[in-house]
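Here is the structure we will look at, set down as structure tokens.
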Amino acid sequence: MQGYTLTPGQEAQAVAYAQAEHELYFVDFTYGLLVLVLLLQLRVAPAFRDWAARAGSNHFVQTIVFVPLILLTMDILSLPTAIWGHRLSLKYQQSIQGWGSWLADWAKGEAVEVVIGVLLVWILYAAIRKRPRNWWLHFWVAAVPLIILGAVVEPLIVEPLFYKFTPLEDSQPHLTERIEQVAGRAGLEIPRSRIFNMNASAKTKSVNAYVSGLGATKRVVVWDTSLRHMTEDEILFVFGHEMGHYVLGHVLEGIVFSCGLLLIFLYAAFRLLHWMLARWGETWAIRGADDLASLPALLLLLTVFSFLFTPLSNVYSRHLEHQADQYGLEVIHGIVPEAPVVAAHAFQVLGEVDLEEPNPSTAVKFWFYNHPPLDERMRFAETYDPWSQGRSPEFVKSSVDHATK
């Protein structure tokens with residue numbers, strides 16, 4: 001049992017890349033807080049609020065003016081760390097996207113963020129004005145269906161803004177047929193018209209295959225980079241892993257988990273925002289919690305809460321990812337010959353392409369890893385074999401050996 005390994009040269013590159021990414025993570029968090037504090041201290045948000053007020057007395061009109069101004073100011077000020085991140089991906093050959101294309105994607109992302117931001121901020125401050133004592137709960141109730149709606153429409157509206165999707169059957173009819181076979185074993189009915197090939201290679205070297213959307217928008221997406229670096233059998237395992245998230249209810253669990261955290265964050269922000277404004281509100285020229293100018297203070301609190309909860313979120317995510325690995329092995333058993341060997345090699349390819357460090361420290365795993373380290377995943381894949389021990393697999397109960405056609 002070999003586990004995940006790299007050549008000495010690759011390992012040195014992987015460790016250097018990981019360290020650079022970790023440094024950027026903390027710099028980006030700290031710098032983001034400084035930007036928010038700067039906006040508060042310099043009274044930038046109150047100035048934008050006053051501009052919005054001159055546009056009209058209607059709250060929605062004011063939101064349409066205020067939100068793009070504040071979000072674009074924040075993101076433009078945060079461009080240095082975003083540029084740093086892309087520079088690292090180019091330096092370590094994880095991205096092949098030119099700066100012009102990268103800036104175009106940044107602009108598209110800003111447009112999507114502004115549209116979503118206008119809606120959410122309008123609902124948020126309507127709740128604060130009408131329910132000042134429990135606005136956190138009313139906003140949360142309104143936000144939950146929007147989160148679910150986002151999962152439904154994201155593959156139809158957002159993803160095509162950044163990548164081109166074509167029917168996988170056009171270029172890979174045999175792989176499409178095998179994906180249908182694996183999906184059928186899982187009890188999923190995904191027609192060929194919703195199995196796509198994504199031109200990830202236009203921007204990145206990473207490999208992936210995934211299932212996205214909910215209900216009628218559910219679809220299978222295989223990156224063209226995966227077709228270049230992985231065999232059909234390996235892609236089937238990656239697909240089986242991603243499909244496991246749906247079959248095991250991880251998508252719904254993830255939404256529930258995220259909504260639960262959001263409720264906690266909103267309540268904590270409700271308690272602390274009043275204290276902050278009582279102490280510094282006059283200095284910041286913020287009139288109260290229902291003032292649009294309080295948005296940077298609220299975002300500062302939510303950013304800190306999200307940062308502090310990162311390890312907990314990662315523990316939960318690693319648990320789900322391990323279950324998906326197990327499901328992937330079970331659902332391809334009998335369809336893919338020597339599935340454990342195939343899965344282990346798929347992880348090796350993933351690590352080599354994505355330049356993942358082989359032996360992350362406990363602290364690094366604790367804070368940064370939302371997936372189990374590749375070495376753990378490979379060793380599990382190589383040893384998981386309930387069938388030879390006369391035991392029933394945990395998730396795919398109907399899985400039996402089949403001759404590969």
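Of note:
- Single match in Val118, Val67, Val61 (criterion: closer than 29 Å to Gly215 by Cα and at pLDDT 95 or above): Val118
- Some residue of segment 384-401 being touching a Gly at 6+ places or on another chain (Cβ under 9 Å), open to solvent by 30 Å² or more (accessible area, probe 1.4 Å) and charged (D, E, K, R): yes
- The residue of segment 351-361 that is farthest from Ala209 (Cα to Cα), among those that are open to solvent by 40 Å² or more (accessible area, probe 1.4 Å) and of a type outside the set (D, E, K, R), is Ser361.
- Members of segment 249-258 that are at pLDDT 90 or above and either crowded, with 16+ Cβ neighbours inside 10 Å or over 16 Å from the mean Cα position of the chain (by Cα) (or both): Phe257
- Residues satisfying the stated conditions in segment 229-248, i.e. surrounded by fewer than 21 Cβ atoms within 10 Å (Cβ to Cβ) and hydroxyl-bearing (Ser, Thr, Tyr): Thr231
- Within segment 267-302, the set of residues being among the β-branched types (Val, Ile, Thr) and either surrounded by 15 or more Cβ atoms within 10 Å (Cβ to Cβ) or farther than 14 Å from Val37 by Cβ (or both) comprises just one member, Ile286.
- Output for segment 229-252, where each listed residue is hydroxyl-bearing (Ser, Thr, Tyr) and outside any helix (DSSP H, G or I): Thr231
- In summary, Ser226 fulfils each of the numbered conditions (1) touching a residue at least 40 places away in the same chain (Cβ under 8 Å); (2) open to solvent by less than 30 Å² (accessible area, probe 1.4 Å); (3) within 22 Å of Phe347 (Cβ to Cβ); (4) part of a helix (DSSP H, G or I) with the single exception of condition (1).
- Residue check for Gln93: out of contact with any Phe, Trp or Tyr (no Cβ under 9 Å at 6 or more places or on another chain), at pLDDT below 95 and closer than 29 Å to Val27 by Cα: yes
- Flag for Asp28 being charged (D, E, K, R), within 30 Å of Pro373 (Cβ to Cβ) and free of Cβ contacts under 8 Å to residues at least 60 places away in the same chain: yes
- Per-region count, segment 87-119, residues open to solvent by 40 Å² or more (accessible area, probe 1.4 Å) and either closer than 20 Å to Phe66 by Cα or assigned to a helix (DSSP H, G or I) (or both): 16
- Looking only at residues of segment 27-74 that are more than 21 Å from Thr283 (Cα to Cα) and polar (S, T, N, Q), we find that the one that is most open to solvent (accessible area, probe 1.4 Å) is Ser57.
- Of all residues in segment 120-174 being closer than 30 Å to Lys203 by Cβ and outside any helix (DSSP H, G or I), the one that is most open to solvent (accessible area, probe 1.4 Å): Lys164
- Flag if Ile255 is closer than 30 Å to Ser294 by Cα, assigned to a helix (DSSP H, G or I), of a type in the set (Val, Ile, Thr) and in contact (Cβ under 8 Å) with a residue 24 or more places away in the chain: yes
- From the options Trp280, Trp275, Trp284, Trp223, residue that is among the aromatic types (Phe, Trp, Tyr) and touching a strand residue (DSSP E or B) at 6+ places or on another chain (Cβ under 7 Å): Trp223
- Within segment 175-209, tally of residues that are open to solvent by less than 50 Å² (accessible area, probe 1.4 Å), assigned to a loop (DSSP other than H, G, I, E, B) and among the small types (Gly, Ala, Ser): 2
The values are calculated or read from the model by the stated rules, or taken from the named source; none is laboratory data. Here the structure is a predicted model, which is why all the values come from computation and not from measurement. We place every Cβ from the backbone using ideal geometry, glycine too, and count neighbours over all the protein chains shown. Surface accessibility is based on the protein's heavy atoms, side chains included, excluding ligands, DNA and RNA. Shrake-Rupley method; radii C 1.70, N 1.55, O 1.52, S 1.80 Å.
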